[in-house]
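A.B. asks: If you scroll down you'll find the structure; I have some questions about it.
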Amino acid sequence: MADAAESVNKDMKVFAVDSQAFPPQVSVRSAGPRLSVIYLLLAVALLGVFIEAGFIWHLYSRPATTSDIQKVEYIKGEKYPFPRSSQDFNEALPAKLPKAESKPAAFLQIASPASGGNGVLHWRADSFPGFMRGLEYKNNSLYIQQDGHYYIFCKIAHLENCNFCKHQVMQCTERYSSQAIELMQSSRFICAPNKSQWRGNSYLGGIFQLFKGDSVFVKVNNSSQVHGEAYENFFGAFMV
């Protein structure tokens, strides 16, 4: 009997079970918060995708302007990022260009007779291309209506037949007791022995500071020497 028990014990084998061989059971309650965080992140990512898609749709749904086309062509490396047609060029311009500020100006031509005998020349602004803007012409003088710096010019054609010719641009102003003062002068004396009469030209031009109420006029020592057509004798001024 004892021998049978010993043989049974020899044939029996003992197995030990390791607790680490099986994965631990995860609690459903502990996994819940983690899944909530993951779902929240996915929702935020999807929301960002939808918002970006909305911006892209809005960008491509509105009509493209010339500036947008130029920017895209510039980014792509186009050689000519400017409007390629007259229609594109017109779209690039503003609807209405600002109007340039009109400055005082005048252009006068010689009148007939050229002088009343005192050497002061007479002019006219009613013949083409004469005009008057922002200035006043009276008493053979140009009157300043606005303070500023003006370029004054005058050109006359005259005869030189062994006579002295003096060409002057004069100014009258209250700052000098309204007495005429000389701004510019040209003097010439030419006597051509082989010709009884020889024609010459005299041009005067310069920038001067003038004030409202000042006047400028042209004077010669002998008006009978002034010769030529209207386009050869002119007088004017403009603000610079």
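A.B. asks: Over all directions, average the projected area of the Cα convex hull of the range 105-239 and note it in nm². Show your work: numbers first, answer last.
C.D. replies: Details: hull surface 31.0 nm².
Over every viewing direction, the Cα hull of the range 105-239 projects on average to 7.8 nm².
A.B. asks: Separate question: Starting with the fewest neighbours, write out K219, K212, K138 ranked by other beta-carbon atoms found within 10 Å of each beta-carbon.
C.D. replies: Placing the least packed residue first, the sequence is K138, K212, K219.
A.B. asks: Just want the ordering: S186, S115, from fewest to most Cβ atoms lying within 10 Å of their own Cβ. Intermediate results must be reported in sequence, preceding the final value.
C.D. replies: Details: S186 16, S115 19.
The order, fewest Cβ neighbours first, is S186, S115.
A.B. asks: Let me ask something else about it. Using r as the Cβ-Cβ distance of M132 and V49, and R0 as 51 Å, what FRET efficiency do you calculate, to the nearest 0.05?
C.D. replies: 0.10
A.B. asks: Same structure, new question: Starting from 0.36 nm per residue, how many nanometres of slack lie between R199 and L42 once their C-alpha separation is accounted for?
C.D. replies: Going from the current span to full extension adds 46.7 nm.
A.B. asks: If the chain between L183 and R124 were fully stretched, how many nm would it gain, using 0.36 nm times the residue separation less the Cα-Cα distance?
C.D. replies: Here the answer is 19.1 nm.
A.B. asks: Separate question: Taking 0.36 nm per intervening residue step and subtracting the Cα-Cα distance, what contour gain separates R175 from S224 on full extension?
C.D. replies: On the way: separation 49, 0.36 × 49 = 17.64 nm, distance 3.28 nm.
So the extension gain works out to 14.4 nm.
A.B. asks: Also, I was wondering about something else. For the range 177-240, run through the GluC sites (Glu not before Pro) and keep only the ones in DSSP coil with at most 16 other Cβ atoms within 10 Å of their Cβ.
C.D. replies: Details: sites: E182, E229, E232; in loops: E229.
Qualifying residues, ordered by number: E229.
Laboratory data are not the source of any read-out in this text; all were calculated from the coordinates shown. From a predicted model like this one, the values you see are computed outputs, not experimental measurements. Using ideal geometry, Cβ is built from the backbone for each residue, glycine included, and neighbour counts are taken over all protein chains shown.
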